[in-house]
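The values are calculated or read from the model by the stated rules, or taken from the named source; none is laboratory data. What you see is a predicted model; the values in this text were computed from it and never measured. Because the Cβ atoms are built from the backbone with ideal geometry, glycine has one as well, and the counts that use them run over all protein chains shown. Ligands, DNA and RNA are stripped out before the accessible areas are found, and what is left, the full protein with its side chains, is counted by its heavy atoms. Shrake-Rupley method; radii C 1.70, N 1.55, O 1.52, S 1.80 Å.
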Amino acid sequence: MNLLATLRERFRTALTALTDDEATVGELAEMVLPSQDAKFGDYQANCAMPLGKRLGKPPREIAQALIEQLDVAEFCEPPEIAGPGFINLRLRDEWLAAALAAAATDAERGGVAPVDAPRTYVLDYSSPNVAKPMHVGHIRSTVIGDALDKVLAFLGHRVISDNHIGDWGTQFGMIIYGYKHFVDQEAIKKSPVAELGRLYRYVNRLVDYHATKNTTIPALQEKIAKAQTAIDERRHATMPFDAKEAKKEEKKLRQAEGALADLHNELLGLRAKLAEVEGDAALAEAAAAHADVGKAVLAETAALHAGDATNRELWERFLPACLAEMQATYDRLNVTFDHALGESFYEDKLAGVVEDLKQKGLATESDGAQCVFLDGFDAPFIVQKQDGAFLYATTDLATIAYRMETWQPDAILYVVDHRQSFHFDQLFATARKWGYDDVELQHISFGTVLGEDGRPYKTRTGSAVGLAGLLDEAVERAYAIAEKSDVLTTDEERRTVAKRIGIGAIKYADLSHNRTSDYKFSYDKMLAMTGNTAAYMQYSYARVRGIFGKGDVDVAALRSGGARIELAEPAERALAVALVQFSEALHRVAADYRPNYLTDYLFDVASKYASFFENCPVLKAPNDEVRTSRLLLCDLTARTIARGLELLGIEVVDRM
RNA sequence: GCGCCCGUAGCUUAGCUGGAUAGAGCAGCGGACUUCUAAUCCGCAGGUCGGAGGUUCGAAUCCUCCCGGGCGUACCA
């Protein structure tokens, strides 16, 4: 059961006797929270202070009146009033023991009740581009999305995961162009994906070269000139008399100079990139021979979209190999999707979307493009370009329409990095105007994965770090941990353990950070045996299993034995309270779509277990009753950790 | 210019809808292995929560301004 929700329910009833304002009652009942400090009990209600204010009575008096109305005797000791009017609740040990005993026999759900009102969620996450290998940027979307998927589903919601793959864009034009001009037939027979990847990178480099040379650098130079002029003007302007204003001016000048220096650096970097291509004879020759590669790639893409037989055939031939490559990564991560309806799936629906928007008067022509102008936005939402091509805005709208018609979801969640928030603001605003105003549309945004230097995590050469290599390294480093183990006997076992620790480390590191903030990627930290890491969680689990092995415990018999749980020691009780709050942790995750609430909870359980482990001998307990009771606590701890990790997509190991 | 986000201990970070003395881990110092995995545990020290005002019984959390940083901003995704 969800104890917190139940307590709030009881407070709601009690509050109704004191005030008849329903909104107030609901708000005040929400002020029942788990206590931050054990000395204030297990839960606390903070509603007497604001209610006292509202009613013009002393809060302690209100608290007293509230307690008299409150019916929580089955869960709690008599409530206590403390400080200005806090109501402190301490759970009754008998209730705790009974709740845990019930959870112990509930193998399926571990005492977590499904929600009363299940919702339907469409979860959009991962969304890689085929043709480009998955890189570090895909970790967060994939891992957070997968965890939310599992948690929501476990709580009883209907969850439809849909991987919105980029399989129809310019990157395929690059591959097609590359295939037509540069393919190595031997290589593509031997390893199609590797060769397609090479072609993509090669063509991308050529396109990039010309774009840099013809567009980016001239534009940058112009920007530099403008910035220089602006600085000169500032320098020659008369300083304001007002000291504050003068300081402001100085600061602006400083900032402008800094920005100018950045631009110069950028220019140097771009020139170095050009020099690199020009210094490579073969590459330089290819670049010269394919001066129009940028336009040509767009033409290949346009031809594909227009139904050109050759390009279509190539697309159909290449796509399965690209998908298989992606699938290999998902297999390693143990991530699955219900659907993978990529951009191509919506191709034939895009014209209809624009037509409908036009007909409803939402889209209008501006500068030759079809735009939706939205209140509160400076820029319009462009759904069709001057040249007639559609954009991801169009695809995203078509996708919303399809999902609404197909699954009638209550919510569509997009697990996408924070830089796209503007796009989603526009997308959602447009969708609502378009008629989809009765669905929760949420951008589940997340921060950037940074390197040790605090800059976005890149390789030394500045390219994105490949996801496959990242997993390789984590597993390799985890193998060093497995090698140190005394309890692992075969190398096969060490490899399995290393795999679970390594993959788990990456996932857990990601999930344990607040998703909205950036975080620094560090193998050392994520693979540490202490602190809030997957390895520590897995170790905690393995230690419990170790006790069962050593004591030759029949777990099934233990669970069904109906034995009493006794909570005599403080460490036992603290662990028990933590265990009974599993359901609350999951609800918090679901409420804010934040998996780090679950990792925090699991770390709390593991910490409480460590203290229990130190203070309460299990196999050598003073008598059989205590031994059995503690074994039950161990079993529940192990199952809670295992279930929690499972919902985060992380596997446990019996020994490590 | 405008918009969004961030600033918490030396480092990496958590902090729920505003709650009581701001929590962790690393690093530092001091303890605990003939005892269920010491790959661990316990203790100590370390914070004017970027700064200044304000709202409130109560502010890291809400509002205003300032300082510092990131990201985005009409036809890429």
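This table checks each residue for (1) buried (at least 19 other Cβ atoms within 10 Å of the Cβ); (2) in contact with a Cys (Cβ under 7 Å, 6 or more places away or on another chain); (3) within 19 Å of residue A:326 (Cα to Cα).
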position	(1), (2), (3)
A:140	yes, no, yes
A:143	yes, no, yes
A:151	yes, no, no
A:155	yes, no, no
A:159	yes, no, no
A:180	no, no, no
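In the set A:251, A:213, which member is within 16 Å of RNA strand B (Cβ to nearest atom) and more than 30 Å from residue A:313 (Cα to Cα)? Step through it out loud before you land on a result.
On the way: A:213 fails: within 16 Å of RNA strand B (Cβ to nearest atom).
Just one listed residue meets the conditions, A:251.
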| message | With the structure loaded, tell me whether residue A:9 is in a helix (DSSP H, G or I), closer than 24 Å to residue A:587 by Cα, open to solvent by 70 Å² or more (accessible area, probe 1.4 Å) and within 11 Å of RNA strand B (Cβ to nearest atom) or whether it fails that test. | response | no
| field | Checking residue A:202 against (1) surrounded by 17 or more Cβ atoms within 10 Å (Cβ to Cβ); (2) aromatic (Phe, Trp, Tyr); (3) out of contact with any Leu (no Cβ under 8 Å at 6 or more places or on another chain); (4) at pLDDT below 90, the condition it does not meet | value | (4)
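For the range A:578-598, what are the residues that are of a type in the set (Ser, Thr, Tyr) and touching a residue at least 60 places away in the same chain (Cβ under 8 Å)?
Within the range A:578-598, the subset of a type in the set (Ser, Thr, Tyr) is A:583, A:593, A:597.
Passing the criteria: A:583, A:593.
Any idea how many residues of the range A:432-462 are open to solvent by 20 Å² or more (accessible area, probe 1.4 Å), within 16 Å of RNA strand B (Cβ to nearest atom) and either in contact with a helix residue (DSSP H, G or I) (Cβ under 9 Å, 6 or more places away or on another chain) or part of a strand (DSSP E or B) (or both)?
First pass over the range A:432-462, keeping only residues open to solvent by 20 Å² or more (accessible area, probe 1.4 Å): A:432-438, A:440, A:442-443, A:445, A:448, A:450, A:452-462.
Subsequent filtering for residues that are within 16 Å of RNA strand B (Cβ to nearest atom) retains A:440, A:442-443, A:445, A:448, A:450, A:452-458, A:462.
Next, from what is left, pick out any that are either in contact with a helix residue (DSSP H, G or I) (Cβ under 9 Å, 6 or more places away or on another chain) or part of a strand (DSSP E or B) (or both): A:440, A:442-443, A:445, A:448, A:450, A:456-458, A:462.
The qualifying residues number 10.
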| field | Scan of the range A:490-537 for residues that are of a type in the set (Phe, Trp, Tyr), part of a helix (DSSP H, G or I) and either at positive phi or more than 7 Å from RNA strand B (Cβ to nearest atom) (or both), ordered by number | value | A:508, A:523
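Within the range A:538-569, can you find the residues that are assigned to a helix (DSSP H, G or I), away from RNA strand B (no atom under 11 Å from the Cβ) and not charged (D, E, K, R)?
Restricting attention to the range A:538-569, the residues satisfying the condition of being assigned to a helix (DSSP H, G or I) are A:538-550, A:555-560.
Narrowing further to those that are away from RNA strand B (no atom under 11 Å from the Cβ): A:555-560.
Once the filter is applied, which keeps residues that are assigned to a helix (DSSP H, G or I), away from RNA strand B (no atom under 11 Å from the Cβ) and not charged (D, E, K, R), the range A:538-569 yields A:555, A:556, A:557, A:558, A:560.
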| field | Members of the range A:465-489 that are at pLDDT below 95, among the small types (Gly, Ala, Ser) and away from RNA strand B (no atom under 11 Å from the Cβ) | value | A:466, A:468, A:469
| Taking residue A:239 and the conditions (1) assigned to a helix (DSSP H, G or I); (2) modelled with pLDDT under 85, which numbered condition does it fall short on, given that it satisfies the others? | (1)
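Taking the range A:585-600 as the region of interest, how many residues are in a helix (DSSP H, G or I) and open to solvent by 20 Å² or more (accessible area, probe 1.4 Å)? Before the answer, list the steps.
Residues of the range A:585-600 that are in a helix (DSSP H, G or I), as a first pass: A:585-592, A:596-600.
The next check asks that each one be open to solvent by 20 Å² or more (accessible area, probe 1.4 Å); those that pass are A:587-588, A:591-592, A:597, A:600.
Of the residues in the range A:585-600, 6 are in a helix (DSSP H, G or I) and open to solvent by 20 Å² or more (accessible area, probe 1.4 Å).
Going by the conditions given, is residue A:100 assigned to a helix (DSSP H, G or I) and either more than 34 Å from the chain's Cα centre (by Cα) or within 15 Å of RNA strand B (Cβ to nearest atom) (or both)? Don't jump to the end; show me each part of the working.
Working: assigned to a helix (DSSP H, G or I): yes; either more than 34 Å from the chain's Cα centre (by Cα) or within 15 Å of RNA strand B (Cβ to nearest atom) (or both): no.
No.
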| List pairs: first in the range A:193-218 and among the β-branched types (Val, Ile, Thr), second modelled with pLDDT under 85 and part of a helix (DSSP H, G or I), Cβ under 6 Å, 6+ apart or cross-chain? | A:212/A:270; A:217/A:270
| field | Selection from the range A:48-58 of residues that are within 7 Å of RNA strand B (Cβ to nearest atom) and surrounded by 14 or more Cβ atoms within 10 Å (Cβ to Cβ) | value | A:49, A:50
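Out of A:328, A:291, A:275, report the one residue that is open to solvent by 30 Å² or more (accessible area, probe 1.4 Å) and not in a helix (DSSP H, G or I).
Numbers: A:328 fails: not in a helix (DSSP H, G or I); A:275 fails: not in a helix (DSSP H, G or I).
Matching residue, one of A:328, A:291, A:275: A:291.
Quick one: in the range A:412-431, of everything that is of a type outside the set (A, V, I, L, M) and within 19 Å of residue A:136 (Cβ to Cβ), which residue is farthest from RNA strand B (Cβ to nearest atom)? Even if it seems obvious, please write down each step before you answer.
Applying the first criterion (of a type outside the set (A, V, I, L, M)) to the range A:412-431 yields A:414, A:417-426, A:428, A:430.
Filter once more, so that each one left must be within 19 Å of residue A:136 (Cβ to Cβ): A:417-420.
On the way: A:417: 8, A:418: 6, A:419: 4, A:420: 5 Å.
Across the range A:412-431, the extreme among qualifying residues is A:417.
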| request: Filter the range A:426-449 for residues that are farther than 13 Å from residue A:362 by Cβ and of a type in the set (Phe, Trp, Tyr) and give the result. | output: A:428, A:446
| request: Please tell me if residue A:605 is open to solvent by less than 10 Å² (accessible area, probe 1.4 Å), part of a helix (DSSP H, G or I) and either away from RNA strand B (no atom under 11 Å from the Cβ) or touching a residue at least 60 places away in the same chain (Cβ under 8 Å) (or both). | output: yes
| request: Check residue A:419 against each of (1) under 16 Å from residue A:517 (Cβ atoms); (2) assigned to a helix (DSSP H, G or I); (3) open to solvent by less than 50 Å² (accessible area, probe 1.4 Å) and name the one condition it does not meet. | output: (3)
